[in-house]
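Accompanying notes for the structure given below.
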Amino acid sequence: MKHRWRHVQTMLQSREVLGFEVDTVNSVQFSNHTGYAHWKGQVLNSDELHELYEGLKLNKVNQYDYVLTGYTRDTSFLAMVVDIVQELKQQNSNLVYVCDPVMGDKWNGEGSMYVPKDLLPVYRDKVVPVADIITPNQFEAELLTGRKIHTEKDALEVMDMLHAMGPETVVITSSDLQAPLGNDYLIALGSHRKTNADGTKMTQRIRVESPKVDAVFVGTGDLFAAMLLAWTHKHPNNLKVACEKTVSAMQHVLQRTIKSAKAQAGEGNKPNSAHLELRMVQSKKDIENPEIIVKATVL
């Protein structure tokens, strides 16, 4: 059963390692992640989520500083998340909602959704407006705004559009933009918009270039969102440092994973999905205190 609830485990393990107490709700209960050829299991719907939340309310333990959501396949579930977040924010005006709007990705330059298409308007019109931090990839940012990204300037404008929808912090976790360091690097872009006491707005924008790893991993978006939550908590007004620690930790995890996967597959063989399961437990020290091996550039 070691592969069960991989997305939830990825988020849960990294946050617990970093000192957060976590109550977890499985939006899906699958035999394995969907990077495998086959999977079986159940998708939580809104009634089931409501029942779980009611149990927390009855015991008066629904007091939270953060809410983090990731992969789901059910529109009613997403709508119920919005209701719950709004209720929790009424209880705690400082609550931060981190949303990873998991909808799809690009392969060989072509984007496609791997969740039902009717999730898009729910994310765009209901979820993102109540989120404080969002972590879309390039394709998801394009879906949410209806704007294609061809250049870094386009990406900055798309992040401004996403800010206008609600979130103070937007991080495009991966893109197919040309990296200044060369083709062997992947670009992530971040933007943090803060309103000062006098009402003026200040925006910090950064670019992060990290070495590409020649493999298809599942769960990297979950890991990124969970660690970004933790590091923005520890560095609330320094997106540069938060992203450097997040991306550096990810590099440590991915390098350890690919090294292990190649050893398991054997020389000359391509690692399969099982070989490429993220080495989270083995990377505990790197998640807790990552050596900064990836630097961010302030734009």
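The values are calculated or read from the model by the stated rules, or taken from the named source; none is laboratory data. Because the structure is predicted, anything quoted here is derived from the model rather than measured. Here the Cβ is made from the backbone with ideal geometry for all residues, glycine too, and neighbour counts use every protein chain on show. Just the protein is used for accessible areas: all its heavy atoms, side chains included, with ligands, DNA and RNA removed. Shrake-Rupley method; radii C 1.70, N 1.55, O 1.52, S 1.80 Å.
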When you check residue 65 against the structure, is it touching a residue at least 24 places away in the same chain (Cβ under 8 Å), open to solvent by 80 Å² or more (accessible area, probe 1.4 Å) and not basic (Lys, Arg), yes or no? yes
Scan the stretch 286-295 for residues that are touching a residue at least 40 places away in the same chain (Cβ under 8 Å) and either of a type in the set (Asp, Glu) or touching a Cys at 6+ places or on another chain (Cβ under 9 Å) (or both) and jot them down. 288, 291, 294
Pick out, from the stretch 19-90, the strands (runs of 3 or more DSSP E) lying fully within it that include 1 or more residues that are of a type in the set (Ser, Thr, Tyr). 66-69
Selection status of residue 256, over 17 Å from the mean Cα position of the chain (by Cα), surrounded by 16 or more Cβ atoms within 10 Å (Cβ to Cβ), assigned to a loop (DSSP other than H, G, I, E, B) and among the charged types (D, E, K, R): no
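Considering the stretch 208-226 alone, what residues qualify as being part of a strand (DSSP E or B) and in contact with a Gly (Cβ under 8 Å, 6 or more places away or on another chain)?
Across the stretch 208-226, the qualifying residue is only 208.
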Tell me, yes or no, whether the stretch 186-198 has at least one residue that is touching a Ser or Thr at 6+ places or on another chain (Cβ under 6 Å) and either assigned to a loop (DSSP other than H, G, I, E, B) or surrounded by fewer than 17 Cβ atoms within 10 Å (Cβ to Cβ) (or both). no
Of the candidates 21, 54, the one satisfying the condition of being among the charged types (D, E, K, R) and open to solvent by less than 70 Å² (accessible area, probe 1.4 Å) is 54
So the check is Cβ under 6 Å with 6+ separation or different chains; which pairs have a first residue in the stretch 226-242 that's without any contact (Cβ under 8 Å) to a residue 12 or more places away in the chain and a second one that's assigned to a helix (DSSP H, G or I) and buried (at least 24 other Cβ atoms within 10 Å of the Cβ)? 235/242
When you go through (1) under 28 Å from residue 33 (Cβ atoms); (2) outside any helix (DSSP H, G or I) one by one for residue 147, which number turns out not to apply? (1)
Six or more apart or on different chains, Cβ atoms under 6 Å: show the pairs whose first residue is in the stretch 262-285 and of a type outside the set (Phe, Trp, Tyr) and whose second is part of a loop (DSSP other than H, G, I, E, B) and surrounded by fewer than 16 Cβ atoms within 10 Å (Cβ to Cβ). 273/36; 276/215
Just the residues that are under 19 Å from residue 33 (Cβ atoms), among the aliphatic types (A, V, I, L, M) and open to solvent by 10 Å² or more (accessible area, probe 1.4 Å), please, taken from the stretch 116-144. none
Limited to the stretch 190-201, what total is found for residues that are at pLDDT 90 or above and not polar (S, T, N, Q)? 3
Would the stretch 277-294 turn up any residue that is touching a strand residue (DSSP E or B) at 6+ places or on another chain (Cβ under 7 Å) and within 24 Å of residue 136 (Cα to Cα)? yes
Here are some residues: 246, 200, 297, 195. Which one is closer than 28 Å to residue 24 by Cα and hydroxyl-bearing (Ser, Thr, Tyr)? 246
A careful count of residues in the stretch 228-255 that are touching a Leu at 6+ places or on another chain (Cβ under 9 Å) and within 30 Å of residue 38 (Cβ to Cβ) gives 3
Per the filter on the stretch 230-242, residues in a helix (DSSP H, G or I) and in contact with a Ser or Thr (Cβ under 9 Å, 6 or more places away or on another chain) are 230, 231, 232, 239, 240, 242
Testing residue 141 on (1) touching a Pro at 6+ places or on another chain (Cβ under 7 Å); (2) in a helix (DSSP H, G or I); (3) aliphatic (A, V, I, L, M), one condition comes back false. Which one is that? (1)
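Taking the stretch 95-122 as the search range and keeping residues that are in a loop (DSSP other than H, G, I, E, B) and over 26 Å from residue 232 (Cβ atoms), which one is nearest to the chain's Cα centre (by Cα)?
114
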